[in-house]
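The structure under discussion appears below in the form of structure tokens.
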Amino acid sequence: MKTLILIRHAAAQSASSAEADKTRPLSASGAFQARQLPKILGSHNLSPTHILSSPATRAINTAQAITFGLGLPEHALETCHEIYFEGTKGLFSALMKIPPQTSCACLVGHNPHLSDFVRALTGTRVSDLATGGIAVINFDTATWIINQAEPQSRTDRFEILPEITIGK
């Protein structure tokens, strides 16, 4: 059994014309949101031991708050460029970076890619995952390698839990 936790980064500051999207930091409310995520995961008995994050500042800040809040070692957090640059295809590639012995992992990224990824994995259409939103997918497999070519055929092996969103 593998558990995949998908988290959209916490709320970010608005983009300014001089600031690149990738370098936008969390807003004050986003920093608060990020610090609440480990508590929410714990309250649902979710304990990821490996976290992959987009290289965008807002995603890294969110992932760091989760790593710290769960008491994980720094090496449990890995930056994965595919999450930011390659959309849904990149999220499938990111899964292959998760150590095979890991039973619960977390990916921190962006919409619309995360919502599209949930649909690709489960066949379930998810409306726009809110900032700080969490989707949890359990699947019965021994490997993190998932065939992109037949996502709909695996829907009976997946369960998506309700999205957990904290206020802004």
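The values are calculated or read from the model by the stated rules, or taken from the named source; none is laboratory data. In this text the structure is predicted, and so the values were computed from the model without any measurement. In this analysis, Cβ positions are derived from the backbone assuming ideal geometry, glycine residues included, and neighbour counts consider all displayed protein chains.
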If the Cβ limit is 8 Å and pairs must be 6+ apart or interchain, which residue in the stretch 25-47 that is within 16 Å of residue 3 (Cα to Cα) and free of Cβ contacts under 8 Å to residues at least 24 places away in the same chain pairs with which residue that is part of a strand (DSSP E or B) and polar (S, T, N, Q)?
none
Determine whether residue 55 is in contact with a Phe, Trp or Tyr (Cβ under 7 Å, 6 or more places away or on another chain), modelled with pLDDT of 95 or more and of a type outside the set (Val, Ile, Thr).
yes
Of those in the stretch 125-168 that are modelled with pLDDT of 50 or more and in contact with a Phe, Trp or Tyr (Cβ under 8 Å, 6 or more places away or on another chain), the residue nearest to residue 100 (Cα to Cα) is 146
Identify all residues within the stretch 41-74 that are part of a helix (DSSP H, G or I), under 25 Å from residue 100 (Cβ atoms) and in contact with a strand residue (DSSP E or B) (Cβ under 9 Å, 6 or more places away or on another chain); write none if there are none.
41, 59, 60, 63, 64, 66, 67
All but one of (1) out of contact with any strand residue (DSSP E or B) (no Cβ under 7 Å at 6 or more places or on another chain); (2) crowded, with 19+ Cβ neighbours inside 10 Å; (3) farther than 19 Å from residue 145 by Cβ; (4) hydrophobic (A, V, I, L, M, F, W, C) hold for residue 95; state the number of the condition that does not hold.
(3)
Any chance you could count how many residues in the stretch 91-141 are out of contact with any Lys or Arg (no Cβ under 7 Å at 6 or more places or on another chain), of a type in the set (Gly, Ala, Ser) and within 16 Å of residue 49 (Cβ to Cβ)?
2
Residue by residue through the stretch 16-30, note down the ones that are within 24 Å of residue 91 (Cα to Cα) and out of contact with any strand residue (DSSP E or B) (no Cβ under 8 Å at 6 or more places or on another chain).
20, 21, 22, 23
Kindly provide the set of residues from the stretch 1-30 that are surrounded by fewer than 16 Cβ atoms within 10 Å (Cβ to Cβ) and of a type outside the set (S, T, N, Q), ordered by number.
1, 15, 18, 19, 20, 21, 22, 25, 28
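How many residues does the stretch 75-102 hold that are hydroxyl-bearing (Ser, Thr, Tyr) and assigned to a helix (DSSP H, G or I)?
Step one: filter the stretch 75-102 for residues hydroxyl-bearing (Ser, Thr, Tyr), giving 79, 84, 88, 93, 102.
Remaining after also requiring assigned to a helix (DSSP H, G or I): 84, 88, 93.
Qualifying residue count, the stretch 75-102: 3.
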Within the stretch 51-78, count every residue that is under 12 Å from residue 106 (Cα atoms) and among the β-branched types (Val, Ile, Thr).
4
Residue that is modelled with the highest pLDDT, among those in the stretch 1-40 that are assigned to a helix (DSSP H, G or I), among the hydrophobic types (A, V, I, L, M, F, W, C) and over 12 Å from residue 62 (Cβ atoms):
28
